[in-house]
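The values are calculated or read from the model by the stated rules, or taken from the named source; none is laboratory data. This is a predicted model, so every value here is computed, not measured. Cβ placement follows ideal geometry from the backbone for every residue including glycine, while neighbour counts extend to all protein chains displayed. Heads up: the accessible areas ignore ligands, DNA and RNA and are worked out on the full protein's heavy atoms, side chains in. Shrake-Rupley method; radii C 1.70, N 1.55, O 1.52, S 1.80 Å.
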Amino acid sequence: MTTKERDKKVEENLGLVHSLARKFMGRGAEYEDIVSAGCIGLIKAIDNFDESRGLKLSTYAVPAILGEIKRIWRDGGAVKVSRSIKELSLKAVRLNEQNLKLCGKELSIKDLSQKLGVSEEDVSEALSSAQLPISLSFAFENDEDSKELLIPTDSFDESLTDKLSLSSAICTLDEKDKQLITLRYFKNKTQSDTAKVLGMTQVQVSRREKKILTILREKLST
């Protein structure tokens, strides 16, 4: 593929990048940074796209775009914030430390707002950005049993990525294996009913199904 052809495909799919990027607005990263990361994912998808697999480029590109966008937070170890918020956070922390030394107590959000000449909402956001993130899976250290607390979260993006990745993996199977998986997991057929449709025995379906699932797991883990 020539550079001109790649640029054309990038331009044609920029709308997809912006659509996915908007889902991550308000999470502490600049929108331009999110879009830039998404474009990197789009370019990678374009370079690796194989039309013979039967997928549309837009469908194939979604997991790659989301993966690069999520890397913004994953690589930083925490939610990234804008430079202005970082600077405000440093100023607020310094004022708090000075007041703690002089008066023995920290300043309130209202006091910091007045001294810094910004809104209380901005002060709250700045101070929050300075805190270490709490894991969604952590243990209470003071609890004798040290039981882990799991905070369930529903992520549309991760669910979409998983579904598209699975769809992509299934498309690489031969037609009979695709049909077997479709009958068993999308049409909820029993192994016996699937065997009748495919002209196999129930035992053959069971063995083949296990092999196919192993293949799919390997593809999804790479």
- Query: What are the pairs, 6+ residues apart or on separate chains, where a residue within the stretch 37-61 that is closer than 24 Å to residue 74 by Cβ has its Cβ under 6 Å from a residue that is outside any helix (DSSP H, G or I) and modelled with pLDDT of 85 or more?
  - Reply: 42/13
- Query: Which fully enclosed helices (runs of 4 or more DSSP H) of the stretch 88-191 have 3 or more residues being at pLDDT below 80, open to solvent by less than 60 Å² (accessible area, probe 1.4 Å) and under 26 Å from residue 56 (Cβ atoms)?
  - Reply: 156-170
- Sole exception among (1) open to solvent by 20 Å² or more (accessible area, probe 1.4 Å); (2) of a type outside the set (Gly, Ala, Ser); (3) at pLDDT 85 or above for residue 25, by number: (3)
- Message: Checking the structure you have, find out if any residue of the stretch 46-59 is closer than 30 Å to residue 174 by Cα and touching a Gly at 6+ places or on another chain (Cβ under 9 Å).
- Response: no
- Task: Test each condition in (1) open to solvent by 50 Å² or more (accessible area, probe 1.4 Å); (2) over 16 Å from the mean Cα position of the chain (by Cα) for residue 13 and report the one that comes out false.
- Result: (1)
